[in-house]
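Peer 1: Below is a structure I'd like to ask you about.
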Amino acid sequence: AQSVAQPEDQVNVAEGNPLTVKCTYSVSGNPYLFWYVQYPNRGLQFLLKYITGDNLVKGSYGFEAEFNKSQTSFHLKKPSALVSDSALYFCAVRDRTPYNTDKLIFGTGTRLQVFP
Amino acid sequence: NAGVTQTPKFRVLKTGQSMTLLCAQDMNHEYMYWYRQDPGMGLRLIHYSVGEGTTAKGEVPDGYNVSRLKKQNFLLGLESAAPSQTSVYFCASSRRTSGSYNEQFFGPGTRLTVL
């Protein structure tokens, strides 16, 4: 079964410093990996995805993620954190349904707190 | 374009009561999903639909029913609410898959408390 793990419940970083939010995956076959962000009292917003191609994927709001096949990781990164980046971040992996459609399997989430 | 909307935003139920959560999307998406979000557990898929009149069970379907009578609407029903169903419920929709993955768009959520 496809799964993702987010080993950190919370990540704290000072504004202006680089940030990393970790995600590891376990899949059969080629992984389709995603990052979503949830701001307080809001739904999830798509940040970026890895399907194939370059291991460094660029997404919204200056975020990027590095796909590492040997370490089965897909860490989310940003060179310079902003206070407004404070939110809940979810890693997800695509799975297939019996109808041969897509569904997402989410990690448990990592709360990012950026301090001024 | 409103995207994905959910009604109501908040609700408090007593154990044993029933209710229906409504999800509507105006993007003409074929696929729709209901998730629940619980602390420390991420989002888990309850039920999903691949088209009008077609629904299927996800990871945690027990205690819930769904219906997709119209393409733009996906209803989630709780026949007899239990405290374990206290959660935040999210609806999502996406286009039909055709080779590549299509992003899921999420609604703002419904916060449900069962006393």
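Peer 1: Provide the FRET efficiency to the nearest 0.05 for the residue A:100-residue B:72 pair, computing r from the beta carbons and using R0 = 35 Å. Write out the running numbers ahead of the final one.
Peer 2: On the way: r = 23 Å, r/R0 = 0.66.
For residue A:100 and residue B:72, the calculated efficiency is 0.90.
Peer 1: At a Förster radius of 35 Å, what calculated FRET efficiency corresponds to the Cβ-Cβ distance of residue A:28 and residue B:28, to the nearest 0.05?
Peer 2: Details: r = 33 Å, r/R0 = 0.93.
Rounded to the nearest 0.05, the efficiency is 0.60.
Peer 1: Say each of residue A:39 and residue A:111 gets a label point 7 Å from the Cα, pointing the same way as Cα to Cβ; how far apart are those two points in nm?
Peer 2: With each label placed 7 Å out from Cα toward Cβ, I get 1.9 nm.
Peer 1: Moving to a separate point now. Within 10 Å of each Cβ of B:44-57, how many other protein chain Cβ atoms are there on average? Before the final figure, lay out the partial values.
Peer 2: Details: counts 2, 6, 0, 0, 5, 2, 5, 2, 0, 0, 1, 0, 5, 2.
Shielding by partners across B:44-57 averages 2.
Peer 1: Springs between alpha-carbon atoms under 10 Å, Gaussian network over chain A: tell me which of A:14, A:81, A:65 tops the mean-square fluctuations.
Peer 2: In this elastic network of chain A, the residue with the biggest mean-square fluctuation among A:14, A:81, A:65 is A:14.
Peer 1: Please work out how much length the chain gains when fully extended from residue A:17 to residue A:54, using 0.36 nm per residue of separation minus the C-alpha to C-alpha distance, in nm with one decimal. Spell out each step's value before the answer.
Peer 2: Details: separation 37, 0.36 × 37 = 13.32 nm, distance 2.49 nm.
Computed gain between residue A:17 and residue A:54 is 10.8 nm.
Peer 1: Averaged over A:43-54, how many beta carbons belonging to a partner chain fall within 10 Å of each residue's beta carbon? Walk me through the intermediate numbers first.
Peer 2: Values: counts 13, 11, 2, 4, 0, 0, 3, 0, 2, 1, 0, 0.
Going residue by residue through A:43-54 and averaging, the value is 3.
Peer 1: Between A:73, A:106, A:39, whose Cα lies farthest towards the positive end of the dipole of segment A:12-116 when Lys and Arg beta carbons carry +1 and Asp and Glu beta carbons carry -1, centred on the Cα centre?
Peer 2: A:106
Peer 1: If you take every residue apart from residue B:58 with its C-beta less than 10 Å away from the C-beta of residue B:58, what net charge results, scoring Lys and Arg +1 and Asp and Glu -1? Could you put the intermediate results ahead of the total?
Peer 2: Values: positive: A:103, B:36, B:44, B:57; negative: B:59.
Charge balance in the 10 Å sphere: +3.
Peer 1: Would you mind pulling out the separation of the Cα centroids of segment B:55-115 and segment A:64-111, in Å?
Peer 2: If we compute the Cα centre of each part, the gap is 21 Å.
Peer 1: Which entries in A:49/A:77; A:49/A:69; A:49/B:9; A:49/A:103; B:14/B:70; A:22/A:69 show an alpha-carbon gap greater than 23 Å? Write down the numbers at each step before the final one.
Peer 2: Details: A:49/A:77 13 Å; A:49/A:69 15 Å; A:49/B:9 29 Å; A:49/A:103 14 Å; B:14/B:70 30 Å; A:22/A:69 14 Å.
The pairs that break the limit, which is 23 Å between Cα atoms, are A:49/B:9; B:14/B:70.
Peer 1: Rank B:31, B:19, A:82 by how far each Cα sits towards the positive end of the charge dipole of the protein assembly as shown (+1 on Lys, Arg Cβ; -1 on Asp, Glu Cβ) and give me just the farthest.
Peer 2: Towards the positive end, the residue furthest out is B:19.
Peer 1: Place +1 on the Cβ of every Lys and Arg and -1 on the Cβ of every Asp and Glu in segment B:1-110, take the dipole about the Cα centre, and give the residue among B:42, B:106, B:69 whose Cα lies farthest towards its positive end.
Peer 2: Positive-end residue among those listed: B:69.
Peer 1: I would also like to ask the following. Using the Cα centre of chain A as the reference point, and only Cβ charges (+1 on K/R, -1 on D/E), how large is the resulting charge dipole? Debye, rounded to the nearest 20. All intermediate terms of the calculation are to be shown ahead of the outcome.
Peer 2: On the way: 11 positive and 9 negative charges, 46 e Å.
Here the size comes out at about 220 debye.
Peer 1: Of the listed peptides B:7-20, B:62-75, A:46-59, B:101-114, what is their order by residue-averaged count of other C-beta atoms within 10 Å, with the highest listed first? Write down the numbers at each step before the final one.
Peer 2: On the way: B:7-20: 12.6, B:62-75: 16.4, A:46-59: 14.7, B:101-114: 19.1.
Ranking the peptides B:7-20, B:62-75, A:46-59, B:101-114 by packing returns B:101-114, B:62-75, A:46-59, B:7-20.
Peer 1: Could you give the dipole magnitude of the protein assembly as shown about its Cα centre, charging the beta-carbon of Lys and Arg +1 and that of Asp and Glu -1, in debye to the nearest 20?
Peer 2: Details: 23 positive and 17 negative charges, 74 e Å.
Taking the Cα centre of the protein assembly as shown as origin, the dipole is about 360 debye.
Peer 1: Right, another one. Check residue A:43: other-chain or 5+ apart residues with amide H under 5 Å from its amide H, H built from backbone geometry?
Peer 2: Amide H to amide H, under 5 Å and 5 or more residues apart or across chains, residue A:43 pairs with nothing.
FYI, it's all coordinate maths here, none of it is from the lab. Nothing here was measured: the structure is a model prediction, and the numbers come from that model. Because the Cβ atoms are built from the backbone with ideal geometry, glycine has one as well, and the counts that use them run over all protein chains shown.
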